[in-house]
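> This structure is in structure tokens; I'll ask about it shortly.
The values are calculated or read from the model by the stated rules, or taken from the named source; none is laboratory data. Values in this document were obtained by computation on a predicted structure and should not be read as measured data. Every residue, glycine as well, gets a Cβ built from its backbone with ideal geometry; the counts of neighbours run over all protein chains shown. The area values use the complete protein model at the heavy-atom level, side chains included, leaving out ligands, DNA and RNA. Shrake-Rupley method; radii C 1.70, N 1.55, O 1.52, S 1.80 Å.
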Amino acid sequence: MDLRIDEQRRIAHIKLAGRVDKEAILGALNACVAHEGYRPGTGRLWDFFDADLSLVNSETIREMAQYSLRFPPGVRDVKVAFVTDRDLEFGLSRMFEMSSRAETPIRVFRTMDEAVEWMSEDPRGSSP
């Protein structure tokens, strides 16, 4: 996992690579929100360009979608974006988007630029 926190934009960039399973994803989430530079209100941008999610199935997606509910406000209710250019990872990320019952706005993108633009937008529609 590679983690970079953009404090100005309030975006945590989480990059996963190789074969990724549920434990790797949940471990990355835990490491991100425990990082000394992470602040409540910081959104999470997941970079799956180099990740292989073939070990993840629909039951795992449903379980992971509920995981963020364990966190306090400012962590569980921030924008979350998934970015990938491969169909499997895009489809699984969309399943996660539709499965989540959290207050988190979730979107899936094919390009990093689109994801960062959306993440940078104020929830009311204006830029910060």
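> For the chain, count the residues as N, evaluate 2.2 N^0.38 Å, and divide the Cα radius of gyration by that value, please.
Rg over 2.2 N^0.38 Å, computed on Cα atoms: 0.96.
> If you roll a 1.4 angstrom probe over the protein chains with everything in place, what fraction of the accessible area of the chain belongs to carbon and sulfur, to the nearest %?
Details: 3320 of 6980 Å².
With neighbouring chains kept in place, the figure for the chain is 47 percent.
> Where in the range 33-50 does the amide nitrogen come within less than 15 Å of the point 7 Å from the Cα of ARG86, taken along Cα to Cβ?
Answer for the range 33-50: 47-50.
> Let me ask something additional. Nearest 20 debye, what's the magnitude of the dipole of the chain about its Cα centre given +1 on Lys and Arg Cβ and -1 on Asp and Glu Cβ?
Details: 18 positive and 22 negative charges, 79 e Å.
The dipole of the chain has a size of about 380 debye.
> While we're here: Per the helix-only calculation at 222 nm, which mean residue ellipticity applies to the chain, given -39500 (n - 2.57) for every DSSP H run of n ≥ 4 and division by its residues, nearest 500 deg cm²/dmol?
-10500 deg cm²/dmol
> Would you mind checking the range 1-41 for residues with the amide N under 11 Å from a putative spin-label position 7 Å along Cα→C-beta of SER99?
Inside the label zone: 22.
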